[in-house]
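Below: one structure, written as structure tokens.
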Amino acid sequence: HDGVPVFIELNQFKSTQTRLTEMIRRELTACNFPDDFAEHALKNGKLLILLDGIEEVPAENLAHAIGEIRQLVQDYSSNRFITSCRIAFYQSWLPGFTDGFLAGLGDEQIRAYLVNWFQADGVRQIQKANEAWAKLSKPENAGVLELARRPLLLTFICLYYGKNFDLPVSFGALYEEALAILLAKWAREKLPGRKPACGGLTAKQENHLLEEIAGPTFERDEFFFQKKMLVNQIDRFLRNELKASGIDGRDVLEAIEVQQGLLEARAGNIYSFSHQTLHEYLASKRFHNQGLASRLAERHFFERRYREVFLLLAEMEDASSMLLAAAKSLGRRIKEEKLFSKLVLWVSKNYRAKSPREKLAERLNAQRDVALLMVHYFNLYTKMRNLPKPESYFQDPLSKRHD
């Protein structure tokens, strides 16, 4: 594109007062462009504006953020605009954009990655790469191969295979083992002139610390956090959990950032986890260890940002309690929506089997379809407060037009 690229992380929408044009101006000024360059470039169509991570915008600011993007595109349409978002979250909120989907790594790319990984440092281990690929190619490992199409997860698979000479059995097992390998590796590293990794914390202690950071911040819908807040939380952890007095929270944060890269400084004194998936995994571990899965399911089961968390929690514990909590929440919300109550009663009445085997498949399909409609609506309604009322989605279920 013939334009100056400007990268904007959308999770910076901290309030309904945030303005995209001001974010663009700040970004260009920070890169030593003149103060008036942003306005001039916008008016003359000289910018390629890259808007990253719609799904990371706090829920209460999402409608405002999308409105800001629409207004920016309308006011400065001669520029080029690209947005990125997880496919599961995207709702075609931006008319006029062409939807594209980032393809996963192909088989040959995965094989090349394995070869490059295992022959690192000049040591040729082509045989290990070939063995790893042979296992990934087996039909029973099709699920792991799909994970390998994402570069970060392929890195974790390489770490896992390098230690175990086998593939992980689940998504959660992959993250747990890979993170344990990384933390143990960094804890052993004592390079000349470098302080002990993470102020001397063990890998287990650091993992616990990261979980304590990830869980509360995820619940608060915070993907970015102030350095002062992080340092205070680390100090609290060291004091309360480890009874440690000789370790400074600032040193620990610096070690995690510089030596490991799990937490990254984004701008000024603002930090985040280096990858959102790491944030979700560590938050899931904390929720599991604290016995919070059912409570979260009852409160947040219909929120898209919790999707990966609930999938991970379902691997860590019996999912029955979460499903029961979600059903309880759904029942309560159905009662609040009179139309939904009518719809559920209508399905129950018209698709009640006279005997256990009679019309069982038809009855279950009808019930499932209604459940999917309700989940779809609640997903949208939770994220976008200005959606139409439910009555605009369905015909009255008691009328004859129930097809």
Checklist line | Output for the range 301-325, where each listed residue is within 19 Å of GLU222 (Cβ to Cβ) and open to solvent by 30 Å² or more (accessible area, probe 1.4 Å) | finding: GLU303, ARG304, ARG307, GLU308
Next item on the list: Count, please, the residues in the range 127-164 that happen to be under 22 Å from HIS275 (Cα atoms) and part of a loop (DSSP other than H, G, I, E, B).
Entry: 2
Check: Quick check: anything in the range 326-340 over 30 Å from the mean Cα position of the chain (by Cα), modelled with pLDDT under 70 and open to solvent by 50 Å² or more (accessible area, probe 1.4 Å)?
Finding: no
Notebook entry, point to check: When residues of the range 4-44 are filtered for being hydrophobic (A, V, I, L, M, F, W, C) and open to solvent by 70 Å² or more (accessible area, probe 1.4 Å), how many remain?
Noted result: 3
Margin query: Between GLU27, GLU68, GLU22, GLU55, which is in contact with a Cys (Cβ under 6 Å, 6 or more places away or on another chain), of a type outside the set (A, V, I, L, M) and part of a helix (DSSP H, G or I)?
Written below: GLU55
Note to self: Can you report the number of residues in the range 45-61 which are within 17 Å of GLU22 (Cα to Cα) and open to solvent by 30 Å² or more (accessible area, probe 1.4 Å)?
What the structure shows: 3
Margin query: Return the pair list, or none, for Cβ contacts closer than 9 Å from residues in the range 199-222 that are over 14 Å from LEU179 (Cβ atoms) and at pLDDT 90 or above to residues that are polar (S, T, N, Q) and open to solvent by 30 Å² or more (accessible area, probe 1.4 Å), at least 6 apart or on different chains.
Written below: GLY215/ASN289; GLY215/GLN290
Check: Any residue at all in the range 70-86 that is within 29 Å of GLU219 (Cβ to Cβ) and among the hydrophobic types (A, V, I, L, M, F, W, C)?
Finding: yes
Check: Do we have LYS135 as over 29 Å from LEU210 (Cα atoms) and either in contact with a Cys (Cβ under 6 Å, 6 or more places away or on another chain) or at pLDDT 80 or above (or both) here?
Finding: yes
Item checked: Residue list for the range 220-234, filter: among the charged types (D, E, K, R), open to solvent by 20 Å² or more (accessible area, probe 1.4 Å) and closer than 13 Å to GLN276 by Cα -> GLU222
Note to self: Every residue in the range 271-287 that is among the hydroxyl-bearing types (Ser, Thr, Tyr) and closer than 13 Å to PHE223 by Cβ, please.
What the structure shows: TYR271, SER272, SER274, THR277
Item checked: Residues that are open to solvent by 40 Å² or more (accessible area, probe 1.4 Å), at pLDDT 80 or above and in a loop (DSSP other than H, G, I, E, B), drawn from the range 165-193 -> PHE165, ASP166
Next item on the list: Could you tell me whether LEU210 is within 17 Å of TYR175 (Cα to Cα), surrounded by fewer than 17 Cβ atoms within 10 Å (Cβ to Cβ) and of a type outside the set (Gly, Ala, Ser)?
Entry: no
Note to self: Quick check on my filter: what residues within the range 203-224 are part of a loop (DSSP other than H, G, I, E, B) and farther than 19 Å from ALA293 by Cβ?
What the structure shows: GLU222, PHE223, PHE224
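The values are calculated or read from the model by the stated rules, or taken from the named source; none is laboratory data. The structure displayed is predicted, hence computed values, not measured ones. Positions of Cβ are backbone-derived with ideal geometry, glycine not excepted, and every protein chain shown enters the neighbour counts. We work out accessible area using only protein heavy atoms, side chains counted, and drop any ligands, DNA or RNA first. Shrake-Rupley method; radii C 1.70, N 1.55, O 1.52, S 1.80 Å.
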